[in-house]
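These notes concern the structure reproduced below.
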Amino acid sequence: MRHFIGLAPIVAALLLAGCGGGGSDTGGSTTTDNSGGRGSLQYNPPLRVTGLSASDFQAQLSASTTGKGLLAVAGTPKCGVNFHYIQYGTVGGAGEATNGTGALMVPTGTDAACTGARPIVLYAHGTTTAKAYNIANILDSSNDAYGESALVAAAFAAQGFIVVAPNYAGYDASKLSYHPYLNADQESKDMIDALTAARTALPNVGGTDSGKLFITGYSQGGHVAMATHRALQALGKSVTASAPLSGPYALAALVDAVYYGNVNLGSTIFTPMLTTSYQKAYGNLYNSTTDIYSSNFATGIDTLLPSTSSLSTLLSQGKLPQTALFSSTPPTAPAGSPAALQATLNAITPPTTPAAQAPLFALGFGSNPLVTNNARLAFLLDAMANPDGAVPTTTTGLPASAPSNTLRQAFKTNDLRGWTPTRPVLMCGGNGDPTVFYSVNTQLMAKLWSAPSPLAMGTGLLNVLDVDSAVTSASDPFAAAKVGFATLKASTAAAAVAAGATDGGASAVVQAYHGSLVPPFCTVAARGFFQQVLAAGL
Amino acid sequence: MTFRLNPLALAFAPLLLGGTTAWAQDNIVRVGYTQVQPNSSASDATGPFLLQPNSGVSLTVKDQSTLFFSYARKLDDRLEVELAMGVPPTHDIAAKLNPAIVPGYIVSAYQGQTIAKIRQFAPTVFLNYSFGDSSSALRPFVGVGVNYTKFDKRSSTSIGNSLNGGPTDIQLSDSWGLAAQVGLEYRINDKWSLHGSVATARVKTTLTATTAGAARVMDITFHPVVLTMTAGYRF
């Protein structure tokens, strides 16, 4: 044993020979900020998801029919794009501390349009029920956000704009258990916090901020973009221009229209997302979900969306009705009401005028509806007693001054009428939009922001584009968007007819209108508008 | 270095402590050259921004040579206990990307590139049994034992950081497993001998690569072939 023990130190010495310090060398440093404070960037530099050269990106898009279509609208990429994944601190709908994630897209390459200090586009995505929505994930075409990620990258980043696109609190890796949907205060804070975090990251990911800030977004994102412009303006922060696209800006007017029977496509999804959002923020919408929802849907609906299950799964499981928001049996007027009230309720269940939209509205009614007649009636009685200035008839154009129904109060709180942007704005949409009605949103805002309205914007600052309209003249700056939209709309109808549709493809156009037909053209029109603002040095 | 208590190691303890001292010259130190062929097979990585269920992103651990040394103690004419070690070798880790899954521009930039380096420290205790007569110069032997592998030093290369998306922390879990060897000993004289062996061990680890909070994980199984040539000195 003597030998063995005597050898032990030698063995130990040998073991240590040639062993420098152990441990892990990350080949660089990452700063971690777990404070969770508003606008804090959790990991700096943020994760680079991938880096596509301009030609890689073009090749990737060229590999699919959708991608080819996108290239045709957005143009050939001039820049490569580095996709980064940012994780930032923000707040929820009740001001509670939480976190969000999103994309930071940085143009790369040698083209003059891609180098040096670049303008930032702060982009707000549209409504999604997919909890895993991650607009930074350009690598996974099965992610629900892939299409929007590619669109934004092609329209903006590949043309030289830095893009900041939050997924919003409540999505992807956010700890928030719900999404503060169309909560103007929260969503503008979420956007501003993502922007702050992205600006912190930029020096570490090879991006330089030119100081020019553009804000855009589609659908829900149109509302978010406008709310964010308003919030930054109120904070005295610089906004170069904004382009809200197809958004429900006059939210209270839109929802009043829906309750009056003009049920929009997608209403059975929007209703629970809105109701949950406002219940979390204000706490006074209901005591029990059955106060609003029919018993077939009331259980668990407050935690249903966003979901890890696909929408089709939720529909097939009966968690939500496909389109029936309201009962096809009219609500019963309260005892003692004038006879005219019951007649009105009958006439809007469902409405039969205007004839062109009657089939769309009829879809919103059924025998197994989402919302109870009691809830609809309470809403309508308040809408009649304290009418919106734009629905059902135009008076002031502004929200009701003192709604008493708590739902209507919540919609008024998040309605974007009543302010005036001091920087250029483009509002884009399509007048046939079956989901976010053009007339009570884009048209209404445009009217409020034009002389002789007291809220009129400065001369030349307001631009409005209806992609579903005729080219006005040879110098129409939006001719390409209008022609492109008309072509896609026609080919969508033709494809439906070829597949056996007997309605001339009208139904297929309605289904595709808001989610597929309008977005690329309005998004690329927004880019053109931003480039024009830059070129004009506005 | 913290060794966890292991039942297999305990099983060898009586051998280490209680061996016979009947032989005058019962200690052997061997020093030589060893080549470690890890023959790794790694699962597809899982984690953020990787496709499911198969990401097509994996790796290979490359071969490495190093200085070998061991200490052995004779228990009797046929049995010895050997503690085998070496200067811990640092292996290159190469990206292994499935072109059917991973986009072409990523494959062309990273396929086969060294994305990380890992240093492994792998002491192994063998119980060796020698065949033939103790007086013969040439004696084959077989050994079974226990291997402990610790990946004590890991570094991500700049290419690895580029593939992973930023500075990357790499961790690999320790491995305990059975080991075996076969070899041949040639006795030059009472003091000196030459010794050649082929050894293997069961080594399994889980690699976690963390980049800006995103942890990507893969399981790696090694089917190592360790070729060793040594000179032994008996005392």
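The values are calculated or read from the model by the stated rules, or taken from the named source; none is laboratory data. Remember, predicted model here, so these are calculated numbers, not experimental data. Quick reminder, even Gly has a Cβ in these numbers, built from the backbone with ideal geometry, and neighbours come from all protein chains shown.
Worth a mention:
- Residue selection: B:Ala212 satisfies the criterion of being buried (at least 22 other Cβ atoms within 10 Å of the Cβ) and either within 9 Å of chain A (Cβ to nearest Cβ) or more than 11 Å from the chain's Cα centre (by Cα) (or both).
- Only one of A:Val510, A:Val518 that is closer than 25 Å to A:Val152 by Cα, in contact with an Asp or Glu (Cβ under 8 Å, 6 or more places away or on another chain) and among the β-branched types (Val, Ile, Thr): A:Val518
- Yes/no for B:Pro53 being in a loop (DSSP other than H, G, I, E, B), over 26 Å from the mean Cα position of the chain (by Cα) and not aliphatic (A, V, I, L, M): yes
- Counting only residues that are within 14 Å of chain A (Cβ to nearest Cβ), closer than 30 Å to B:Asn164 by Cα and either in contact (Cβ under 8 Å) with a residue 12 or more places away in the chain or among the hydrophobic types (A, V, I, L, M, F, W, C) (or both), the stretch B:101-140 holds 16 of them.
- Among the candidates B:Gly165, B:Gly86, the residue that is within 13 Å of chain A (Cβ to nearest Cβ), buried (at least 19 other Cβ atoms within 10 Å of the Cβ) and at pLDDT below 95 is uniquely B:Gly86.
- For the stretch A:123-144, a residue qualifies if it is within 18 Å of A:Gly266 (Cβ to Cβ) and of a type in the set (A, V, I, L, M), and the qualifying residues are A:Ala124, A:Ala130.
- Residue in the stretch B:227-235 that is buried (at least 18 other Cβ atoms within 10 Å of the Cβ), aliphatic (A, V, I, L, M) and part of a strand (DSSP E or B) present: no
- Being surrounded by fewer than 24 Cβ atoms within 10 Å (Cβ to Cβ), among the charged types (D, E, K, R) and over 17 Å from A:Gly92 (Cα atoms) is a condition met by no residue of the stretch A:185-197.
- Candidate set: the stretch B:148-159, residues that are of a type outside the set (D, E, K, R) and facing another protein chain (nearest Cβ under 7 Å); chosen: the one surrounded by the fewest Cβ atoms within 10 Å (Cβ to Cβ): B:Ser158
- Residue among A:Val152, A:Val164 that alone is closer than 14 Å to A:Val224 by Cα and buried (at least 24 other Cβ atoms within 10 Å of the Cβ): A:Val164
- Subset tally (residues that are farther than 25 Å from A:Phe529 by Cα, away from chain B (no Cβ under 14 Å) and more than 12 Å from the chain's Cα centre (by Cα)) for the stretch A:109-143: 2
- Condition met for B:Ala72 (closer than 30 Å to B:Gln111 by Cβ, at pLDDT 95 or above, under 24 Å from the mean Cα position of the chain (by Cα) and not in a loop (DSSP other than H, G, I, E, B)): no
- B:Thr228 more than 14 Å from chain A (Cβ to nearest Cβ) and touching a strand residue (DSSP E or B) at 6+ places or on another chain (Cβ under 8 Å): yes
- Residue in the stretch A:109-119 that is crowded, with 24+ Cβ neighbours inside 10 Å and free of Cβ contacts under 8 Å to residues at least 24 places away in the same chain present: no
- Filtered residues of the stretch B:168-190 (kept if of a type in the set (Val, Ile, Thr) and either buried (at least 19 other Cβ atoms within 10 Å of the Cβ) or closer than 30 Å to A:Gly51 by Cα (or both)): B:Thr168, B:Ile170
- From the options A:Pro454, A:Pro519, residue that is at negative phi and within 25 Å of the chain's Cα centre (by Cα): A:Pro519
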